[in-house]
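One structure below.
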Amino acid sequence: MGIRFILMVNKHGQTRLAQYYEYLTIEERRALEGEIVRKCLARNEQQCSFVEHRNYKIVYRRYASLFFLVGVDNDENELAILEFIHLLVETMDRHFGNVCELDIMFHLEKAHFMLEEMVMNGCIVETSKSNILAPIQLMDKAS
Amino acid sequence: MTGPSLMDSLFQRTLEDLIKGLRLHLVHESTFISKSLDEIRREVRSPDLDTKAAAVQKVTYLRSLHGVDDSFAAFPAVELAASPRFRHKQIAYLAASASFHSATAVLLLLTNQLRKDLNSSNEFEVSLALQCLSVVCNLDLARDLTPEIFTLLSSSKQLIRKKAIATILRVFGEYPDAVRVCFKRLVENVESSDPQTVSAVVSVFCELASREPNSYLPLAPEFYRVLVDSRNNWVLIKVLKIFANLAPLEPRLAKRIIEPICEHMRRTGAKSLMFECIRTIVTSLSDYDSAVRLAVAKVQEFLVDDDPNLKYLGLQALSIVVPKHSWAVVENKEFVIKSLSDTDPNIKLEALRLVMAMVSEDNLSEICRVLLNYALKSDPEFCNEILGSLLATCSINVYEIIIDFDWYVSVLGEMTRIPHCQKGEEIESQLIDIGMRVKDVRPELVQVGRDLLIDPALLGNPFLHRVLSAAAWVSGEYVKFSKNPIELMEALLQPRTGLLPSSIRAVYIQSAFKVLTFCLHSYLFAKEAVASSSSCAYDLESGAADSIPERGCPEGSNLATSEALASSEQNEDFSRRFLCQSVEDNCTENDGDTLVAPGPSSSSASLNKLQFTRGSIINLLDLIKTALGPLAGSHEVEVQERAWNVLGLIKLVEQEIQDTPMQNEGKFVMEELKASDIMKLMHDAFFGELGPVSMSAQERVPIPDGLMLKENLNDLETVCGDVQLPTTCSFSLGKPHFEESCGALFDFQKKEELEPSSESTSMLAEHRKRHGLYYLPSEIKEITSSDYPTANESKLAISVSDDVDYLVKLTEQSLVPKKKSNQTKPRPIVVKLDEGDGVRIAANKPESKNDLISGAVREVLLGNEGIPTSSQGKHSDKLSSKTRGKEKIAIVQPLGSTGLLANAANSELANSSPRRSKHVSHGKEKKPRSPRNNAEGCEERSHRDKKKGDHRHVKNKARRSADGCVNVVAQTPVSFSVDVICLLLSFYIFYRIVIVIIFIVRDWFFHVTQYETHSRIDVSQFVNA
């Protein structure tokens, strides 16, 4: 499994989206999120975007007030994950139009659907923005 | 709780209301959440699906962001999934994938719904079901839904196909038998024209190959085509990962792929792909010099980049390359060292690892110097990282890289003095370890220990207490190398030792005991020796007269000490109350003195004999008495008991030592006798050599006959009841001492003696028995040849005392075999145990699931090659693809279960006699993997080369079905899945017989199947092309 989890956290450390690709209990998730967020938020712009934590490698990137954190296996390609984060942000940007934290808060489901189109079972399955958004827009129209 | 009313449904809070509410109630968030949860609990029971959907939606939100327990909503979610409306399904499946896991109970209820949706004509419904399945899949679901997924693998809709591919990975993991059914279709997808499908399938193979690469070697041609043709970076990265796993297994493959990878590296502008190329080369293709040079050149580009990410990755790549190509790091040495002071702790850490990887015998001291300088300057965390990695690197393989131990021991002392040092424990164990293993270094070790002990500042740092304890132990154990035992004694008894925890204080006192024994012993025996010659008078007089004129001579420091002690004795006479303070004064005074006066540099042994005068010994005894007197009443058992040991010994010998000078010589010798005997005894007890003991030594001691270790001791209590009295009696010896110690601490001398000799020796014996850490078994004396063997000698002979002959084997030692001849200083002998220095790792089997998957994969792949072995997988494919309808599931399942046996039997068939296939079973999975892996390549080729007649195949199968029953009975199940398979096996024996008959008929009819023509795979052909 390449990607283990994807987190979006604001600068105050509040989780805005959490998607796990392996099962962890609620307590384990809480502990993990707490540790990771503490580690990553303490870092500054001049430092690199990779943090090793337990048996994960965390690749993170900050966009405005929101941190995107992706936990991956140790042999995953860090730069590719950074590109993936960027792709995710661009996709959301295209869908919501200038995406911000509030968009994700109020449309958490949509964000999850987008992620589902992009990542399955920890593998990246779709990297084209229009392909990702097509089913979501169809569903929007239908409902 | 009441059921939901119409009003509830009408005025239900939507998810958006909930989110707004959460934002409003920032302060009382938890109460708001629990209130909402109550509402939701009510709403999920509503018969109205819309209400239920909104409730499920809300609880999913609360779970994923606020960690709320949503198990109560599991069943409603399943209900909702059955709704005809797409929107409801969407909510339900999202909830399921957010909170269900493979052990959720309601999953059983979801099976049929999932099957229905997987067969749906609406592609979005199918994709929802697939998504959910990929998260919640368990064994049952995987088994039941494999046929559906098999169909979807070749769906014409790209959206569905790629999701089915991604799901299959999970299915394989849960249910390895699915491999037999689906693997072919999966492989076909690699050649798909649709890039998304290829991307998904390559990801899946990347995952599979990372677990067990061997089985996927036959697919190399397909991957190679992707590597050459694809222009999608995502796909290329994954394919490179696959090849990184495959290349080490097949050298010819490595030769083929090296060129395309270099080509990608030259061409691409994407850093991610570039990095993946670099990583592939440095991990798996490091034998190809030109490629490595190119990769290192690219790494250099990364290193000089401003982006910290690239810097970090560049360093990482270097650390992979360094074991084989150290030149790569040497070229970038400057940069690496500079990175040690980077702003980013991760980069610093990576640079540190790299520096440590560069360490060798030659540059160790230089690197240590640099790193210790960095450690002094850097923050506490990184400082300890540096120290930790230095300590770890130096101790690798019993200090393999260290040649100059004197230097290393002094470095250990230096580390202790670094303000942030928190590595007390490691330094402690290394000091003791080196002391025991390396004879030559002991004088220096004692010197370092002394420096640590006399530094009162170190006592204040709790992290260093362990180091001090090691220093104290070393000083006590090897006191014969000490230049000034009296000074050592003062250090061990200085008042600030009160800061130490009691366990370490006990070590201090024990060391003081050893030092005292040593001093008295050398005093008494030196005197005996000189007594015979007439020159003793001078010694005695000079001591008694407390004369000062020799201050300038090399022994000045010693004399100064005794002088100071004498003054402290006077102080004691005046007022014993201020005693502690005065001793402290003395200590500091002495420190000053010894620091100024250069220590005597001649050999310590000869000096020691001259060192102790009667006056100095008496002062020493007084010092100990005053320092330990208060401790005799300590509440810490360890401390108290040890203090008593020392005091008891003093009491024994004191009288005689004080009296003797007044006697004439003849009498003197006679009266000394008792004290001398005791001292000799004590000295012998303490100063036997301690050697390291193998970790497994205890196991090798044979249990004596008649010793029942596992006997039930319950009835011992009744026996103990009878002997209660005697046991308390045996303790009564110590009891009066305890009272005495509490009562009169300073009137010690006036107390009557209570069999001190027997008491102290028995207590001593107790100690040796109890205090495991510093008392290694004294029986093991390693007696090396009188002069040290030279460094080039490879074996060190050891003789062990007679009564412990069986321990001989434990301490067989060997030296580091390879030595450079041009060293200026020969490396001292390091005692090494043949084993037990490292933790022994029990041979452990990795999860059997991967084995099952790869076994199945291998069967499917190999099945393509040899006609005789292409049995089950092919047929099951054929069957399930051709027979549609209800019976399909029934057929596929038994096939799967028999297939495992068939797999094992097939692989066995290739290299052994057919008879062995009878024993083939799941037990095969238990065998160590490595021989099988190694044999894999040739086994495969031999498979391909062998073309066997069909009759063999049929015969084999028939026998296998006949053996079926035997297998079931004889096997011991190795895992749960095997259990299940056994169960199924016995269940479907009847089916199997029928199926085998069908197969035979089918084989006869369709000689050439679509798969044989379609995807015959041959690595050797491909590679040689």
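Here are a few things to note about the model shown:
- Strands (runs of 3 or more DSSP E) wholly inside the range A:1-113 that include at least 3 residues being at pLDDT 90 or above: A:3-10, A:15-20, A:56-63, A:66-72
- Screening A:Asp93 against (1) loosely packed, with under 15 Cβ neighbours inside 10 Å; (2) more than 13 Å from chain B (Cβ to nearest Cβ); (3) acidic (Asp, Glu) leaves a single unmet condition, (1).
- The range B:247-282, subset more than 9 Å from chain A (Cβ to nearest Cβ) and among the polar types (S, T, N, Q), residue nearest to B:His325 (Cα to Cα): B:Thr280
- Condition check for A:Tyr21: of a type outside the set (Val, Ile, Thr), within 11 Å of another protein chain (Cβ to nearest Cβ) and either in contact with a Phe, Trp or Tyr (Cβ under 9 Å, 6 or more places away or on another chain) or over 29 Å from B:Ile242 (Cβ atoms) (or both): yes
- Failed condition for A:Phe113, given (1) more than 9 Å from chain B (Cβ to nearest Cβ); (2) crowded, with 19+ Cβ neighbours inside 10 Å; (3) of a type in the set (Phe, Trp, Tyr): (1)
- Filtered residues of the range A:116-138 (kept if assigned to a helix (DSSP H, G or I), facing another protein chain (nearest Cβ under 9 Å) and of a type in the set (A, V, I, L, M, F, W, C)): A:Ala134, A:Leu138
- Restricting attention to the range A:96-110, the residues being more than 11 Å from chain B (Cβ to nearest Cβ) and β-branched (Val, Ile, Thr) number 1.
- Residue in the range A:5-13 that is closer than 21 Å to B:Ala317 by Cα and buried (at least 19 other Cβ atoms within 10 Å of the Cβ) present: no
Okay, residues lined up against (1) out of contact with any strand residue (DSSP E or B) (no Cβ under 8 Å at 6 or more places or on another chain); (2) at the interface with chain A (Cβ under 10 Å from one of its Cβ atoms); (3) in contact (Cβ under 8 Å) with a residue 40 or more places away in the chain:
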residue: B:Ser203; (1), (2), (3): no, yes, no
residue: B:Leu208; (1), (2), (3): yes, no, yes
residue: B:Phe223; (1), (2), (3): yes, no, no
residue: B:Asn232; (1), (2), (3): yes, yes, no
residue: B:Ile242; (1), (2), (3): yes, no, yes
residue: B:Asn245; (1), (2), (3): yes, yes, no
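- Meets criteria (within 14 Å of A:Ile6 (Cα to Cα), charged (D, E, K, R) and crowded, with 19+ Cβ neighbours inside 10 Å) for A:Glu126: no
- Which listed residue, of B:Ser475, B:Ser410, is of a type in the set (S, T, N, Q) and buried (at least 22 other Cβ atoms within 10 Å of the Cβ): B:Ser475
- Of all residues making up the range B:324-354, the number that are away from every other protein chain (no Cβ under 14 Å), crowded, with 20+ Cβ neighbours inside 10 Å and more than 22 Å from the chain's Cα centre (by Cα): 5
Residues are listed down the side, and each one gets a yes or a no for (1) of a type in the set (Val, Ile, Thr); (2) closer than 30 Å to B:Ser429 by Cα; (3) at pLDDT below 70:
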residue	(1), (2), (3)
B:Val637	yes, yes, no
B:Phe668	no, no, yes
B:Asp677	no, no, no
B:His683	no, yes, no
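- Residue check, B:Arg369 at pLDDT 85 or above and either exposed (fewer than 15 other Cβ atoms within 10 Å of the Cβ) or among the hydroxyl-bearing types (Ser, Thr, Tyr) (or both): yes
- The set of residues in the range B:109-121 being touching a Leu at 6+ places or on another chain (Cβ under 9 Å) and more than 13 Å from B:Glu148 (Cα to Cα) consists of B:Leu110 alone.
- Residue in the range B:12-29 that is on the phi > 0 side of the Ramachandran plot, modelled with pLDDT under 85 and within 14 Å of chain A (Cβ to nearest Cβ) present: no
- Screening A:Lys141 with (1) of a type in the set (Lys, Arg); (2) in a helix (DSSP H, G or I); (3) away from every other protein chain (no Cβ under 12 Å) gives one miss only, at (3).
- Take the conditions (1) in contact (Cβ under 8 Å) with a residue 60 or more places away in the chain; (2) away from chain B (no Cβ under 11 Å); (3) out of contact with any Phe, Trp or Tyr (no Cβ under 9 Å at 6 or more places or on another chain); A:Glu76 misses just one of them, which is (2).
- Tabulated pairs, the range B:83-112, first touching a residue at least 40 places away in the same chain (Cβ under 8 Å), second not in a helix (DSSP H, G or I), C-beta under 6 angstrom, 6+ apart or interchain: B:Ser102/B:Asn138
- Scanning the range A:35-47 for residues that are away from every other protein chain (no Cβ under 11 Å) and either surrounded by fewer than 19 Cβ atoms within 10 Å (Cβ to Cβ) or out of contact with any strand residue (DSSP E or B) (no Cβ under 7 Å at 6 or more places or on another chain) (or both) yields A:Glu35, A:Arg38, A:Leu41.
- Any hit, the range B:300-323, residues being surrounded by 19 or more Cβ atoms within 10 Å (Cβ to Cβ), in a helix (DSSP H, G or I), of a type in the set (Gly, Ala, Ser) and more than 14 Å from every other protein chain (Cβ to nearest Cβ): no
- Qualifying residue in the range B:131-151 (condition: surrounded by fewer than 23 Cβ atoms within 10 Å (Cβ to Cβ), among the aromatic types (Phe, Trp, Tyr) and at pLDDT 85 or above): no
The values are calculated or read from the model by the stated rules, or taken from the named source; none is laboratory data. All of these numbers come straight from a predicted model, not from anything done at the bench. Reconstructed Cβ throughout: ideal geometry from the backbone, glycine too, with neighbour counts over all protein chains shown.
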